[in-house]
1. How much length, in nm to one decimal, is gained on full extension between Val145 and Tyr43, taken as 0.36 nm per residue of separation minus their Cα-Cα distance?
2. Please report how many Lys pairs in the stretch 25-165 have alpha carbons closer than 25 angstrom, counting only residues at least 8 apart along the chain or sitting on separate chains.
3. If you scale each eigenvalue of the Cα gyration tensor by 5 and take the root, what three semi-axes come out for the stretch 64-170, rounded to whole angstrom and sorted largest first?
Amino acid sequence: MSAKIERTAPINKSKNQEVVVGFDPELLKAPFSLRCGALIIDYIFLVSIPVITILVGRSMGFDGAKLLNSEISNAGWLITILLGITNFMIFPLFAGQSLGKMLTGLRVVKANGEIPSFKNLIMRHFVGYPLTLITGGLGFLFSIVNSRGRALHDYIAGTEVIYGQKKTKV
């Protein structure tokens with residue numbers, strides 16, 4: 001009896017890719033008031049850090065220019081900048097949500113339902129938002145009048161804000 005050993009090439013396992021099931025942006029359109037609420041939550045979150053550090057500095061006896069140039073004030077601004085980058089770039093890059101969007105159930109996605117890329121987020125936050133603000137906020141009002149709820153910064157970045165959890169099929 002002879003034993004025969006066969007070697008086969010290992011089976012390449014393909015990476016599981018999330019595919020959005022039944023993605024319809026018109027049905028998942030985020031209400032304008034909820035988008036505003038998420039933005040207010042993000043704003044309160046970021047503004048509270050320097051306010052707290054100034055209050056702590058005041059309780060430590062710092063006053064006026066001494067307070068503004070103190071180490072505690074500088075640390076507060078540094079933390080605010082780092083949290084702002086985390087909240088508006090890193091969280092949306094990995095989860096599609098900022099803290100305000102997490103609390104309100106909103107999610108930023110590409111027009112096809114995928115999580116936005118770094119390029120999409122750069123366009124959204126550093127090109128789209130400034131243009132929206134330059135127009136006096138009219139860019140935000142686009143989300144009220146169109147069927148998919150996209151604002152000017154969403155059109156520029158190729159993104160949408162949807163309400164609800166996405167169901168995925170792996």
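Bear in mind these aren't lab numbers, they're just calculated from the coordinates by the rules spelled out. In this text, all values refer to a predicted model and were calculated from it rather than measured experimentally.
1. This chain segment gains 34.2 nm when fully extended.
2. 6
3. 30, 18, 12
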